[in-house]
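The values are calculated or read from the model by the stated rules, or taken from the named source; none is laboratory data. Note that the coordinates shown come from a computational prediction; the quantities given were computed from them, not determined experimentally. Cβ placement follows ideal geometry from the backbone for every residue including glycine, while neighbour counts extend to all protein chains displayed.
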Amino acid sequence: MIDFKNVSKEYPPSIAKESKVAIHDINFSVNPGEFVILCGRSGAGKTTILKLISCEEKPTTGDVFFNEINTRDVNKSEAYKIRQKIGFVFQDFKLLGYKTVYENVAYALEAFNFNSKLVRDEVMQVLELVGLEGKADRLPKELSGGEKQRTSIARALIHRPEIILADEPTGNLDPYHSRDIAKMLLKINDTGSTVILSTHSKDIVNSLKRRVITLEDGRIIRDEEEGVFSL
Ligand SMILES: Nc1ncnc2c1ncn2[C@@H]1O[C@H](COP(=O)(O)OP(=O)(O)OP(=O)(O)O)[C@@H](O)[C@H]1O
Ligand SMILES: [Mg+2]
């Protein structure tokens, strides 16, 4: 479902920065239903790869395919359609502080104009999946870090995405909550969603026992089934 063919990405120079080749000649594919870990140090190119998948960035050379669509050719509305097939999970949660857990998740359905009973059923179903059905009325500030990330996973799942892109979702969590979130992503993968998880956590990589693509300075240095942390 995702195909990178000889992809390089160079960010143009700005006042603050010289031009930067973030990704060098990368090749890999992700099949539907796979769980893939992108592992690499800070600056290795993990976020750039996720942005190339979500059409936030386009490759400088090479091609990125999403369900056989070349992202180079997509216009704004086609890019929007691709993004609707993706659930995003971020390191800093990106929850709306003045909305409850329920509202943060329901908000993501607003564009669909569903009736309120359907919205309620769908939201409660995903909150149950992430174990937050008892905390629907809490505000983000009344949650632990792990619960905040569970809320953002629920929000990512609410429109039934084909693929979850999780960019260092455990970066702000302690080891206990990190493992909890990693297990949650495995559970979601078991229900059929493809998952791409970026991380530089040895603990997470070694506990998941899934495919690991290791990046160093924008290059893939390893791509292994049931990989282990090796940086
Ligand atoms: N918008 C941008 N403009 C210029 N350079 C950029 C931009 N975004 C990223 N870079 C550079 O590209 C390289 C790869 O960045 P990227 O964010 O993909 O790394 P990362 O592996 O996600 O790092 P981290 O673990 O710190 O999030 C870095 O050297 C970074 O400084
Ligand atoms: Mg990053």
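Things to note:
- Checking each residue in segment 1-49 for being in a strand (DSSP E or B), more than 16 Å from ligand 2 (Cβ to nearest atom) and either at positive phi or under 20 Å from the mean Cα position of the chain (by Cα) (or both) picks out ILE2, ASP3, PHE4, ASN6, VAL7, ASP25, ASN27, PHE28, SER29, VAL30, PHE35.
- Any hit, segment 162-169, residues being part of a helix (DSSP H, G or I), touching a Lys or Arg at 6+ places or on another chain (Cβ under 7 Å) and buried (at least 18 other Cβ atoms within 10 Å of the Cβ): no
- Set side by side, the residues SER152, SER201, SER178, SER207 differ, and just one is among the small types (Gly, Ala, Ser) and touching a Leu at 6+ places or on another chain (Cβ under 8 Å), which is SER152.
- Hey, ASN172 assigned by TED's automatic domain parsing to the domain that holds GLY43 and in a helix (DSSP H, G or I) or not: no
- Of the residues screened, PHE28 is one that is assigned by TED's automatic domain parsing to the domain that holds HIS200 and aromatic (Phe, Trp, Tyr).
- Looking only at segment 39-59, and only at residues there that are of a type in the set (D, E, K, R), more than 6 Å from ligand 1 (Cβ to nearest atom) and touching a residue at least 40 places away in the same chain (Cβ under 8 Å), the one that is surrounded by the most Cβ atoms within 10 Å (Cβ to Cβ): GLU57
- Scanning segment 63-94 for residues that are farther than 22 Å from THR170 by Cβ and either within 16 Å of ligand 1 (Cβ to nearest atom) or part of a helix (DSSP H, G or I) (or both) turns up VAL64, THR71, ARG72, ASP73, LYS76, SER77, GLU78, ALA79, TYR80, LYS81, ILE82, ARG83.
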